[in-house]
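Asker: Dropping the structure in here first, questions after.
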Amino acid sequence: MRFFIDTANIEEIKEIAKWGVLSGVTTNPSLIAKEGKDFKKVVGEICEIVDGDISAEVICTDPEGMIKEGKEIAKWHKNVVIKLPTIPSGLEACKALSKENIKVNMTLCFSVNQALLCASAGAKYVSPFVGRLDDINQDGIMLIKDLATVFKVQNIKTEILSASIRNPLHVIESARAGADVATIPYKVFKQMIQHPLTDKGLEKFLNDWNEAMLKKTAVTA
Ligand code: G3P
């Protein structure tokens, strides 16, 4: 499973990119709005930091508007993936953009049927929202499992991009369920790398080393 970061914050992207673990970035209108910067400028900056698929979402909801906006955004950088909502006009726009070899990520996906339609319309990625399903007492990870099974049986090449991840267990469960990619918030990346036994173990290694060096210096002095 590859890792994308789910943020439009440049500092967060820079920090996690340094770890060498990022294959892409996802943004959405809420994340872009939170940064209070120009959309095109932010996407351009992100493309300079991460060499991988960068999702940028359209604002239009009618098919013609989505196609026009999608084509325009796709010109910003070769790595830009157009993010479209999983609604009928989104499917129409997905088909039209995919035909022109523009990569599409279908977002706000909450069911296997929606995902099957997205795949048929030519989507490169489909983004099931794990956390938002959990929020309404539905099992988000179960959707990832079902999708992985169905896509495998049907030999569907559309990639499952596990989204709306809220905690480190969502990441593990997405990997176990067969997601191709997980898009993860900055805070969750920080939680993933943390382990108290790593910190404790490192502290002991360094203390032992320093003590031994002090003794050696004392003997040779
Ligand atoms: O990638 C989609 C993600 O940004 C939504 O996350 O936490 O707002 O449900 P959340």
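The values are calculated or read from the model by the stated rules, or taken from the named source; none is laboratory data. Quantities reported herein were computed from a predicted structural model and do not represent experimental measurements. Methodologically, a virtual Cβ is constructed for each residue, glycine included, from the backbone with ideal geometry; neighbour enumeration extends over all protein chains shown. To get the accessible areas, we keep the full protein, side chains included, count just its heavy atoms, and leave off ligands, DNA and RNA. Shrake-Rupley method; radii C 1.70, N 1.55, O 1.52, S 1.80 Å.
Asker: Give the residue that is farthest from the chain's Cα centre (by Cα), with candidates limited to residues of the stretch 60-110 that are polar (S, T, N, Q) and over 17 Å from SER120 (Cα atoms).
Answerer: Within the stretch 60-110, the first condition is being polar (S, T, N, Q), and the residues that meet it are 61, 79, 86, 89, 98, 101, 105, 107.
After this cut, where a residue has to be over 17 Å from SER120 (Cα atoms) as well, the list is 61, 79.
Numbers: THR61: 23, ASN79: 14 Å.
Step by step, filter the stretch 60-110, then rank; the result is THR61.
Asker: Moving to a separate point now. For the stretch 79-94, which residues satisfy the criterion of being open to solvent by less than 70 Å² (accessible area, probe 1.4 Å) and in a helix (DSSP H, G or I)? Don't jump to the end; show me each part of the working.
Answerer: The initial filter retains those residues of the stretch 79-94 that are open to solvent by less than 70 Å² (accessible area, probe 1.4 Å), namely 79-87, 89-91, 93-94.
Result: SER89, GLY90, LEU91, ALA93, CYS94.
Asker: Here are some conditions: (1) away from the ligand (no atom under 16 Å from the Cβ); (2) in contact with a Leu (Cβ under 6 Å, 6 or more places away or on another chain). THR86 meets all but one. Which one does it not meet?
Answerer: If we test THR86 against (1) away from the ligand (no atom under 16 Å from the Cβ); (2) in contact with a Leu (Cβ under 6 Å, 6 or more places away or on another chain), just (1) comes out false.
Asker: Tally up the residues in the stretch 95-118 that are in contact with a Ser or Thr (Cβ under 6 Å, 6 or more places away or on another chain) and open to solvent by 20 Å² or more (accessible area, probe 1.4 Å), please.
Answerer: 2
Asker: For the stretch 13-27, give me each residue that is farther than 19 Å from ALA123 by Cβ and either within 15 Å of the ligand (Cβ to nearest atom) or open to solvent by less than 20 Å² (accessible area, probe 1.4 Å) (or both). Working first, answer last.
Answerer: Residues of the stretch 13-27 farther than 19 Å from ALA123 by Cβ: 13-22.
Scanning the stretch 13-27 gives ILE13, ILE16, LEU22.
Asker: Let me ask something else. Which condition breaks for TRP209 when tested against (1) without any contact (Cβ under 8 Å) to a residue 12 or more places away in the chain; (2) under 30 Å from ALA163 (Cβ atoms); (3) not hydroxyl-bearing (Ser, Thr, Tyr)?
Answerer: (2)
Asker: Next question, about the same structure. Could you pull out every one of the helices (runs of 4 or more DSSP H) wholly within the stretch 28-78 that has 2 or more residues that are within 16 Å of the ligand (Cβ to nearest atom) and buried (at least 18 other Cβ atoms within 10 Å of the Cβ)?
Answerer: Numbers: elements: 29-35, 39-49, 63-74.
Counting at least 2 such residues, we get 39-49.
Yes/no matrix, rows are residues, columns are (1) more than 25 Å from ILE16 (Cα to Cα); (2) open to solvent by 40 Å² or more (accessible area, probe 1.4 Å); (3) in contact (Cβ under 8 Å) with a residue 60 or more places away in the chain:
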site	(1), (2), (3)
ASP134	yes, yes, no
GLN138	yes, yes, no
MET142	yes, yes, no
LYS145	yes, yes, no
ASN155	yes, yes, no
GLU159	no, no, no
ILE165	no, no, yes
ALA175	no, yes, yes
VAL181	no, no, yes
